[in-house]
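S.K.: Encoded as structure tokens, here's the structure I'll be asking about.
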Amino acid sequence: MISQSLNDSLTRVGPGSDAGEVLRRYWQPAALAEELNVKRPVVPVHLMGEKLVLFRDEQGQLGLIQRHCPHRGADMCFGRLEDNGLRCPFHGWHFDRTGQCVEQPAEPEGSRMHENIKARSYPVVERAGIIWAYMGPGEAPDFPDFDCFRAPDTHVFAFKGLWECNWLQAMEVGIDPAHASFLHRFLQDEDPADSYGKQFRDKAANTEIPMTKLLRDYPRPDISADVTDYGLKITALRHLEDGRVHVRITNQIFPEAICIPMSRQMTITQWHVPVDDENCYWYSIFTSFDAPVDKDLMRAQRLKEHRLPDYAPLKGRHNNYGYDPEEQASETYTGMGLDINVHDQWAVESMGRIQDRTQEHLGKSDIAIVQYRRMLRAAISALQEGREDALPMQAVDPSQVHGPISVDAIAGDGDVDAAYRTEDGARRSNCPWDASVDASV
């Protein structure tokens with residue numbers, strides 16, 4: 001249990017809030033690049049409690065400015081995209097991609113009032129199929145040298161989905177290795193050969209055991225969480241009856257991302273991005289270490305479960321997440337279909353818009369969640385004390401932060417470190433793009 005004041009400190013994200021100020025020191029996903037692949041590339045963005053508008057001008061440059069015109073508050077999402085900026089249809093005020101007002105055609109000839117008008121704006125860049133925004137003070141930090149940012153466009157695929165809950169509970173489900181043995185339990189195993197684009201459907205490391213069976217048969221992993229430059233390295237060990245150990249390495253990337261293995265040749269790096277205090281988007285980058293990603297297939301798989309243009313899931317509170325008691329009795333632990341995103345969505349949304357942590361009881365299997373909250377609390381305190389360089393990844397050269405390693409492996413001789421490094425090293429050495437990492441990672 002924690003106090004209500006601490007729960008508020010860890011969850012609220014508006015300007016000036018404790019956690020919100022920490023999150024603003026890092027690049028945040030603002031939109032999928034594909035959302036701008038339309039005739040009029042202008043989209044609304046609701047991010048960190050702020051209403052914004054994202055656009056691409058005639059020169060191909062990106063702009064992210066406040067959604068409501070500084071004149072009288074009209075919605076700039078309906079602005080005229082012209083002259084390398086957005087022009088408000090109400091009175092013609094024109095803003096460039098930095099938010100600077102460059103013209104006020106209804107004002108007297110020679111007026112220089114526009115020079116003193118600037119819409120709130122944030123720097124944006126495009127990386128790995130996502131448009132990223134930096135909403136903090138000072139210069140934006142460099143991107144870390146993670147696999148998802150190093151891989152060529154052909155080997156990454158990005159998608160997102162809306163969840164109706166606070167960002168923290170959404171992120172915490174991703175750093176909880178124990179839940180996969182229950183929430184994502186399949187009572188019948190699918191053919192691993194049909195696993196492409198699906199999580200927990202591949203074979204367990206280099207065995208013939210389907211991941212679904214391994215997770216079902218071994219529900220009590222030994223879990224550890226070690227502090228790293230980027231956040232936490234989370235190790236889950238499942239001890240098989242024949243003496244072998246299944247090793248699963250996942251990661252928490254500070255402040256609100258995870259990196260987990262999807263299959264032997266693909267990882268998922270996923271950010272849980274606050275829309276406001278009570279809603280969030282997950283943004284996933286799928287990174288392939290062998291063949292180019294089949295983006296058409298991956299997109300089609302996910303569009304079966306989501307609607308456009310808001311990427312909201314088709315299952316939710318409004319239809320009981322597709323719950324079927326007959327399916328729960330014979331096919332899945334939840335009775336909510338085969339898409340594990342729906343399982344996670346139910347888990348985090350059913351807690352309430354903001355989980356009441358004054359009523360929770362954490363156990364030993366929640367060690368990564370405990371460690372993460374300590375990190376977030378420490379970051380909040382450091383920022384309040386003016387020690388910004390004490391935040392994770394702030395005092396190191398981001399170009400030297402690699403990986404992170406996210407992999408499933410089998411230790412036949414009990415040497416856990418050797419097992420996961422060998423498994424990860426094999427896919428990196430055969431990777432068509434430079435996926436090399438420092439041996440100490």
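S.K.: Under the Kirkwood approximation applied to all pairs of distinct alpha-carbon atoms, what is the hydrodynamic radius of the chain in Å? Walk me through the intermediate numbers first.
M.R.: Details: mean 1/r = 0.0433 Å⁻¹.
The answer is 23.1 Å.
S.K.: Okay, moving on. Based on the Cβ-Cβ distance of GLU305 and GLU58, what FRET efficiency does E = 1/(1 + (r/R0)^6) give at R0 = 41 Å, to the nearest 0.05?
M.R.: Working: r = 36 Å, r/R0 = 0.87.
With a Förster radius of 41 Å, E is 0.70.
S.K.: Right, another one. What length, rounded to one decimal in nm, is gained on full extension from PHE90 through to VAL370, with 0.36 nm per residue of separation minus their alpha-carbon distance? Could the numbers behind the result be given before it?
M.R.: Numbers: separation 280, 0.36 × 280 = 100.80 nm, distance 5.08 nm.
Here the answer is 95.7 nm.
S.K.: Ranking request for peptides 400-408, 213-221, 301-309: highest mean number of other beta-carbon atoms within 10 Å first, then the rest in descending order. Working shown, then result.
M.R.: On the way: 400-408: 22.4, 213-221: 17.2, 301-309: 13.3.
Result, highest mean first: 400-408, 213-221, 301-309.
S.K.: Taking R0 as 35 Å, what FRET efficiency do you get between ASP75 and SER111 from their Cβ-Cβ distance, rounded to the nearest 0.05?
M.R.: Working: r = 25 Å, r/R0 = 0.70.
Working from the Cβ atoms, E equals 0.90.
S.K.: Anything in the chain that counts as a DSSP H helix reaching 18 Å or more along its axis (C-alpha) with Kyte-Doolittle mean of at least -1.0? List them, would you? Display every interim value, and only then the final one.
M.R.: Working: long enough: 367-384 (26 Å, 0.66); 416-429 (20 Å, -1.26).
Counting only whole DSSP H runs, the qualifying helices are 367-384.
S.K.: Mind checking the full-extension length gain between ASN320 and ASN430? Use 0.36 nm per residue of separation minus the Cα-Cα distance, one decimal, nm.
M.R.: Working: separation 110, 0.36 × 110 = 39.60 nm, distance 4.43 nm.
Result for the pair: 35.2 nm of gain on full extension.
S.K.: Let me ask another. With each pseudo-label sitting 7 Å past Cα toward Cβ, what's the LYS39-ASP83 distance in nm, one decimal?
M.R.: 2.4
S.K.: Could you estimate the translational diffusion coefficient of segment 296-438 from the Stokes-Einstein equation, with Rh from the Kirkwood formula over C-alpha pairs, at 37 °C and 0.692 mPa s, in whole µm²/s? Kindly include the intermediate steps, with their values, before the conclusion.
M.R.: Details: Rh = 20.2 Å.
Calculated translational D: 163 µm²/s.
S.K.: Just to confirm a number: summing +1 for Lys and Arg and -1 for Asp and Glu over residues other than HIS46 whose beta-carbon lies under 11 angstrom from that of HIS46, what do you get?
M.R.: Here the count lands on -1.
S.K.: Between LEU237 and LEU187, what FRET efficiency follows from the Cβ-Cβ distance if R0 is 22 Å, with the result rounded to 0.05? Provide the component values of the computation, followed by the final result.
M.R.: Values: r = 24 Å, r/R0 = 1.10.
That pair, LEU237 with LEU187, gives E of 0.35.
S.K.: If each Cα of segment 1-65 is one equal point scatterer, what is log10 of I(q)/I(0) from the Debye formula at q = 0.17, 0.21, 0.29 Å⁻¹?
M.R.: Evaluating at q = 0.17, 0.21, 0.29 Å⁻¹ gives log10 I(q)/I(0) of -0.68, -0.87, -1.22.
S.K.: Sorting check: for 343-356, 160-173, which peptide has the highest mean count of neighbouring beta carbons within 10 Å, and how do the rest follow?
M.R.: Numbers: 343-356: 18.6, 160-173: 23.4.
Order by mean packing, descending: 160-173, 343-356.
S.K.: Determine the per residue accessible area of the chain with all protein chains present and a 1.4 angstrom probe, expressed in square angstrom. Could the numbers behind the result be given before it?
M.R.: Working: 18870 Å² over 441 residues.
About 43 Å² of surface per residue is accessible.
S.K.: Report the one residue of ILE380, SER181, HIS318 whose Cα lies farthest in the direction of the positive end of the charge dipole of the chain (charges on C-beta: Lys and Arg +1, Asp and Glu -1; origin at the Cα centre).
M.R.: Looking along the dipole axis, the top candidate is HIS318.
S.K.: Within segment 128-149, what residues put their amide N at less than 13 Å from the label point 7 Å along the Cα-to-Cβ vector of ASP397?
M.R.: 145
The values are calculated or read from the model by the stated rules, or taken from the named source; none is laboratory data. The structure displayed is predicted, hence computed values, not measured ones. FYI the Cβ positions are ideal-geometry reconstructions off the backbone, even for glycines, and counts take in every protein chain you see. These accessible areas exclude ligands, DNA and RNA; they are computed on the full protein's heavy atoms, side chains included. Shrake-Rupley method; radii C 1.70, N 1.55, O 1.52, S 1.80 Å.
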